[in-house]
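The values are calculated or read from the model by the stated rules, or taken from the named source; none is laboratory data. These numbers come from a predicted model, not from an experiment. Using ideal geometry, Cβ is built from the backbone for each residue, glycine included, and neighbour counts are taken over all protein chains shown. The accessibility values were calculated without ligands, DNA or RNA, using every heavy atom of the protein model including side chains. Shrake-Rupley method; radii C 1.70, N 1.55, O 1.52, S 1.80 Å.
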Amino acid sequence: MSFTWFVGARYLRARKKQAFISLITFLATAGIAVGVMALIVVIAVMTGFESELQNRILGIESHVLVMRYGESVSDIEATAAQISATDGILSVTPFIYTQVMLRSPHGVTGAVLKALDPSLPGPPIFVGKNMALVDVLADAAASESDGKGPGLVVGRVTAERLKVAVGDPVYLISPLGKAAAANQMPTVMRFSVAGIFETGMNEYDGAMSFVRLDVAQRLLQMPGQATGLEVRVADIYQAKAIAEAIVARVGFPYWARDWMEMNRNLFSMLRLQKTVMYIILTLIVVVAAFNIASALIMMVMEKTKDIAILKTIGATNRHIRRIFVFKGLVIGSLGTAIGGVLGFILCSILKHYPFIKLPGDVYFLTTLPVSLQLMDVMTIGLSTVVICFLATLYPAASASALDPVDGIRYG
């Protein structure tokens, strides 16, 4: 152990008459620990929100959306073949997207109807425990011959509003009907609830409904047409570049938007909230760092004679500075380690026991998501140690500038 480390470690063990300094040191360590714990938990929750929302949104929406300006896509197969030739694409599926009204004997609600081809890969949505959405739509086609209407898959919230279960009839009303002489009559079609899905996001569970593509084409009088094409890619973070490549390949009047552009406002808000919360909670660490500075300043005042004696026997200003910087860093590092352990424990509890329930219509999710990233923990720990180091500079500089004669005379 070097000279500075030995003296610094000795100063960490305060005598009884230095109990007040010891108390300030304890409060500083506790403040650092609480600040680090709060930072880790809050940043983990914010990261979990962003990650969970991204996974659930991409579970329903496409990675890239390809549509035509002002009209539907009529040459579906040729356009899909052109898009599929682009590198990095996993699947291309046509879809129809429209707003409808759903009515049951017990209620009425609006919905966004999305039609898919069950013979092609669809979004990774599960109906019940292990049935994929496209499989449910495919199975519902076989039951139409039994006198039931076409199959309709609705969200949990929609099913609760309509008070329906699997097999119950639902009437779908579309404003896009046949034009009459003086007005336009809506189209009404009877469906049978083929399944009820739940994503955990009320924005989708209470708005989205799914049918087969051929059924929607009959309903909306769009034979052989689709609203657009959904593209799923291998690397979701290359979706923007792939969207640009698709537009360059198929040309005008097609346009494409990637998932980041479609949800830009939501994810920008989450990143801003994460940054603001990091800055606000860092103030807890800054306040605790002031306690470290106060404890070191009081230690300098208490150890004036000791510092003077150390200088007279050969200790340099650099040695004195290192002694007090060492003490401050030990306090900061100890608080950071304790806070890191407590934060990890609390994050583990919140992740494995989701006892905090959220209103889905406000926070999109119904449970509190937690995602602890190594980079976030390292950033928090490093930032805390740097703040503690900065807090030691002034007391250490004051101690090193002490005149040995004055220290012995007045110490």
Measure off, as a whole percent, the carbon and sulfur share of the 1.4 Å-probe accessible area of the chain, all protein chains present. 63 percent
Quick note, the stretch 247-334: a/c under 1.5 would make it rounded; otherwise a/b > b/c is prolate and the rest oblate (a ≥ b ≥ c, C-alpha gyration tensor); here it is prolate
Under-5 Å amide H pairs with Phe197, H placed in peptide plane, nonlocal only: Val154, Gly155, Arg156
Length added when fully stretched, Ile309-Ile173, from 0.36 nm per residue minus Cα-Cα: 39.7 nm
Filter the trypsin sites (Lys or Arg not before Pro) in the stretch 247-300 to those in DSSP coil with at most 12 other Cβ atoms within 10 Å of their Cβ, and list the result. none
Using helices alone, what [θ] at 222 nm do you get for the chain, with -39,500 (n - 2.57) per DSSP H run of 4 or more residues, divided over all residues and rounded to the nearest 500? -18000 deg cm²/dmol
Of Ile309, Thr379, Pro124, farthest towards positive along the dipole that unit charges on Lys, Arg, Asp, Glu beta carbons give the chain: Ile309
Please determine, in degrees from 0 to 90 and to the nearest 10, the orientation of helix 133-143 with respect to the longest principal axis defined by the Cα atoms of the chain, where the helix direction is its Cα long axis. 20 degrees
Might you work out the accessible area of Thr316 for me, using a 1.4 Å probe with all protein chains in place, and round it to the nearest 10 Å²? 60 Å²
Quick one: which residues, 5+ away or cross-chain, put their amide H under 5 Å from the amide H of Val170? H built at 1.01 Å from N. Phe191, Ser192, Val193
Can you tell me the 0 to 90 degree angle between the C-alpha axis of helix 317-352 and the longest principal axis of the chain, rounded to 10? 30 degrees
Which one of Ile356, Ile173, Ile125 has the biggest mean-square fluctuation once the chain is modelled by GNM with Cα springs under 10 Å? Ile356
Whether the stretch 295-361 is rounded, prolate or oblate, judged on the alpha carbon gyration tensor where a/c under 1.5 counts as rounded: prolate
Treating only Lys and Arg (+1) and Asp and Glu (-1) as charged, each at its beta carbon, one finds that the chain has a dipole about its Cα centre, in Debye to the nearest 20, of 2360 debye
Using only Cα atoms, figure out Rg for the chain and give it as a multiple of 2.2 N^0.38 Å. 1.50
Amide hydrogen neighbours beyond the local backbone of Thr367, cut-off 5 Å, H modeled: Leu358
Across the stretch 307-313, in residue order, what do the Karplus-derived ³J(HN,Hα) couplings come to in whole Hz, using 6.51 cos²θ - 1.76 cosθ + 1.60 with θ = phi - 60° and x for Gly and Pro? 5, 5, 5, 4, 5, 5, 8
Probe of 1.4 angstrom, ligands and nucleic acids ignored: what's the accessible area per residue over the chain, in square angstrom? 50 Å²
Roughly how many Å is it from the Cα centre of the stretch 18-81 to that of the stretch 85-127, as a whole number? 26 Å
